[in-house]
């Protein structure tokens, strides 16, 4: 009986997520301690986690065919919510992204991540439709599934969440069978754009690299020329796009390279987060003993900068433990995608692993000052009712994939 339980339930995934939630609760308690304005955040997060764990188990035991068949319905309902929140939502810090429900903030864009991955997975795995991502029609249909929520979220506006959707599309398409050369054609303009922003010689090196790759793929001269021209045009357009950004967005990008350029503005959080993590040393200052966190030097440290509290109060040891838990969770999710025979669930796992990875890389990059501060929270740890519940819904589907990994339907 015990062996059968282990056969159907992935304790490594569940316990890794549970440990991250627990660490997050401790961090939120410390980050909000003594702050009357947000003293209820710990309780709200605890309630959300309790509800979410029940939701995880319910989803895990749901037959996969019901999950796949409901994908478009869920996607449609969430798109309606994204439209409704623009009209009826509560405006906070310039963003109309939340509904207020019984004292809890509900953010539809977080659930849109789950719904979009499920809709993509259903389209790409639908045996009756026989989608082929190498065909332009099917490729554009998959892109459209992703771009609809992107357009609605940009109206809120929420740049950080928008980037999550754009980032998840390519790994999902690759997993669904997109060839390597097409993947490279798509990312080539992004490579030159980033390198052009870094400097002229980086841009030149990127163009040389792309030309070399065209030779490796051995595509006809016309196709190669078009790809190279688009990549070059993308590089030249960087300055034009940068100049069209809002001043606060430009400052955030500038502060990524030089936080001291605006120490009391865009670079403030980065400077304070570095001080907090650096002061933690090997084992940290101890629970509720952090100076940066307890003296509230880091604004809203219970959300995007929650990792600062871990670094300061639990030191290098605590920080490494959190990173290892994330690596285990992502590695296990990708492994489940490999072994799962149900294509819908397999694609879902890749989509969720991509979302987790993007959030972790950008969030930790923000804290270390190597990424712009764009409002990306840390999975399972940062405060946010909708964010935590959406993470737990993903976890439930991942556990469902493991439980039904030997079944095709």
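The values are calculated or read from the model by the stated rules, or taken from the named source; none is laboratory data. What you see is a predicted model; the values in this text were computed from it and never measured. Here the Cβ is made from the backbone with ideal geometry for all residues, glycine too, and neighbour counts use every protein chain on show.
The set of residues in region 355-371 being more than 10 Å from the chain's Cα centre (by Cα), surrounded by fewer than 23 Cβ atoms within 10 Å (Cβ to Cβ) and in contact (Cβ under 8 Å) with a residue 12 or more places away in the chain consists of 364, 368, 369, 370, 371. Every condition in (1) surrounded by 22 or more Cβ atoms within 10 Å (Cβ to Cβ); (2) modelled with pLDDT under 85; (3) assigned to a helix (DSSP H, G or I) holds for residue 307 except the one numbered (2). For residue 409, state whether it is in the same structural domain as residue 40 (by TED's automatic domain parsing), in contact with a strand residue (DSSP E or B) (Cβ under 8 Å, 6 or more places away or on another chain) and modelled with pLDDT under 90. Here the answer is no, as residue 409 does not meet what is asked. Could you tell me whether region 54-74 includes any residue that is farther than 29 Å from residue 404 by Cβ and in the same structural domain as residue 328 (by TED's automatic domain parsing)? Looking for residues that are farther than 29 Å from residue 404 by Cβ and in the same structural domain as residue 328 (by TED's automatic domain parsing), one finds none in region 54-74, hence no. Inspection of region 222-238 finds no residue satisfying the criterion of being modelled with pLDDT of 75 or more, surrounded by fewer than 20 Cβ atoms within 10 Å (Cβ to Cβ), part of a loop (DSSP other than H, G, I, E, B) and assigned by TED's automatic domain parsing to the domain that holds residue 359.
Just one of 388, 329 is part of a helix (DSSP H, G or I), touching a helix residue (DSSP H, G or I) at 6+ places or on another chain (Cβ under 8 Å) and modelled with pLDDT of 95 or more; which is it? Step through it out loud before you land on a result.
Details: 388 fails: modelled with pLDDT of 95 or more.
Among 388, 329, only 329 is part of a helix (DSSP H, G or I), touching a helix residue (DSSP H, G or I) at 6+ places or on another chain (Cβ under 8 Å) and modelled with pLDDT of 95 or more.
Scanning region 265-283 for residues that are buried (at least 22 other Cβ atoms within 10 Å of the Cβ), in a loop (DSSP other than H, G, I, E, B) and modelled with pLDDT of 75 or more yields a count of 1.
Within the option set 189, 171, being farther than 21 Å from residue 347 by Cβ, in a helix (DSSP H, G or I) and touching a helix residue (DSSP H, G or I) at 6+ places or on another chain (Cβ under 6 Å) holds for one residue only, 189. Take the conditions surrounded by 15 or more Cβ atoms within 10 Å (Cβ to Cβ) and either modelled with pLDDT of 75 or more or within 25 Å of residue 311 (Cβ to Cβ) (or both) and apply them to residue 191. Does it pass? It is true that residue 191 is surrounded by 15 or more Cβ atoms within 10 Å (Cβ to Cβ) and either modelled with pLDDT of 75 or more or within 25 Å of residue 311 (Cβ to Cβ) (or both).
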